[in-house]
1. Could you run through region A:32-91 and say how many residues are small (G, A, S), in contact with a helix residue (DSSP H, G or I) (Cβ under 8 Å, 6 or more places away or on another chain) and modelled with pLDDT under 95?
2. Identify, by number, the condition in (1) closer than 24 Å to A:L82 by Cβ; (2) within 13 Å of chain B (Cβ to nearest Cβ); (3) touching a residue at least 40 places away in the same chain (Cβ under 8 Å) that A:H152 doesn't meet.
3. Out of all the residues in region A:157-190, which are open to solvent by 30 Å² or more (accessible area, probe 1.4 Å), over 14 Å from B:L159 (Cα atoms) and touching a residue at least 12 places away in the same chain (Cβ under 8 Å)?
4. Output the number of the condition that A:G29 fails; it satisfies all remaining conditions of (1) on the phi < 0 side of the Ramachandran plot; (2) within 14 Å of chain B (Cβ to nearest Cβ).
5. Going by the conditions given, is B:L162 outside any helix (DSSP H, G or I) and not assigned by TED's automatic domain parsing to the domain that holds B:G29?
6. So which residues in region B:28-78 are within 20 Å of B:A115 (Cβ to Cβ), open to solvent by 50 Å² or more (accessible area, probe 1.4 Å) and more than 8 Å from DNA strand D (Cβ to nearest atom)?
7. For A:A107, which of the numbered conditions (1) more than 7 Å from every other protein chain (Cβ to nearest Cβ); (2) in a helix (DSSP H, G or I); (3) open to solvent by 20 Å² or more (accessible area, probe 1.4 Å) fails to hold?
8. Can A:E3 be described as modelled with pLDDT of 95 or more and more than 10 Å from DNA strand D (Cβ to nearest atom)?
There are 2 protein chains.
Amino acid sequence: MSEHTGQERGRRTRERLLEATLTCLVEHGFAATTMQRVQSTAGVSRGALVHHYASMDELLVGAVHHVAKRQLEALRRAATSLEEGSTGRAQRVRLLHSVMSGPLFLAGLELWMAARTNPSLHDALVPAERELGRQIAEALTVEGADRANLTHLELDELLITLRGLAITSVLRPDPRLERLAIERWLGARG
Amino acid sequence: MSEHTGQERGRRTRERLLEATLTCLVEHGFAATTMQRVQSTAGVSRGALVHHYASMDELLVGAVHHVAKRQLEALRRAATSLEEGSTGRAQRVRLLHSVMSGPLFLAGLELWMAARTNPSLHDALVPAERELGRQIAEALTVEGADRANLTHLELDELLITLRGLAITSVLRPDPRLERLAIERWLGARG
DNA sequence: CCGTAATCAGACCATTCGGTCGGTTTAAGG
DNA sequence: CCTTAAACCGACCGAATGGTCTGATTACGG
């Protein structure tokens, strides 16, 4: 049962490297996320890092997909409660909010900003984010509950608000304002 | 009349350096905004840069105040149309939106994100942003037009939406969605 | 006119960066 | 068992980084 196969070992190393990359992004920011910091955070040699990710760009692209994957996992795990018929839009919004905050989202935000001026990151992030959006929509939709499900447009609008909320909270955390903004969003659409 | 005085020369140099810093932030991002790039963009020697801003942190703190100043100038210039009694909330929102997009805001956004993990930048940005918010509120308020003026809370909420809009547009510019989000915000408060 | 302080110039420095490379270990297959 | 390839190691490299330092130039008060 103990998976000590060769390719499994490589897989684990890559996982540790990507996880370390997210940690660095969250704790030190994009500018201070260097290969040396990532390797020491992961507890991995330079050779190992460079073997799996030949350049910084490759590592960052890997991080993009990793963070998307992790966010989707988190959402799906949280969304199981939806299947049990329990109700409304408010719950969906709360679910999405939980994914659009916290360390995972912060790492994604750093990559998002960096992608603006980094072509290879940009080329990886845009389609990844598009796909993530699709998966999120799917995970939040319950067959038959047409009244509570969100349209694509509503989802886009909600994402905008949540992003604004997240980036605002980065420097000015204000739970009261957060709750209020979400309440208003819900209230505005009856 | 020609201001060739000594301290005026220094002031101009500082101005060019700060302007070059904003240019670098917008065109290359925070991570690639180095002292060398700033000095060559500004067309200034290393000695001059380091004379006015002894460290990178000092330069960035200077940039924070510069961008705040420039944003406020832009808003005030645009807000003159308000004084002439011309109406409503929609115009205020449009005004604010014009300040919360474009290169100037982008530079501020880079600094905002960087401030999360840079203490001295954080210490400079938080109070500066608070003050800017205050000044913005003032610039948008017209005495007597109580019905059209925005409350502090409404302003905070609007800023959240506009920030979300801005950061979304960084990677997925969608004028249609932008307009829609703003319309909804206006409509929701009748 | 002179001294002094601000401004500017650019050579220089230690450190860190991303990336290369030769060699070793480990696992898989014939 | 032996070959082969993937995984890993860490010394090494040139380039770029933020920052220091010595002098030159400029402006201005006395």
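1. 4
2. Among (1) closer than 24 Å to A:L82 by Cβ; (2) within 13 Å of chain B (Cβ to nearest Cβ); (3) touching a residue at least 40 places away in the same chain (Cβ under 8 Å), the lone unmet condition for A:H152 is (3).
3. A:L186, A:R189
4. Looking at each condition in turn, A:G29 falls short on (1).
5. Here the answer is no, as B:L162 does not meet what is asked.
6. Across region B:28-78, the qualifying residues are B:H28, B:A31, B:H65, B:K69, B:R70.
7. In the conditions (1) more than 7 Å from every other protein chain (Cβ to nearest Cβ); (2) in a helix (DSSP H, G or I); (3) open to solvent by 20 Å² or more (accessible area, probe 1.4 Å), A:A107 misses (3) alone.
8. When the stated conditions are applied, A:E3 does not pass them.
The values are calculated or read from the model by the stated rules, or taken from the named source; none is laboratory data. If you're wondering where the values come from, they're calculated on a predicted model, not measured in any experiment. Note that each Cβ is placed from the backbone with ideal geometry, even for glycine, and that neighbours are counted across all protein chains shown. Protein only, heavy atoms only, side chains kept; ligands, DNA and RNA dropped before computing areas. Shrake-Rupley method; radii C 1.70, N 1.55, O 1.52, S 1.80 Å.
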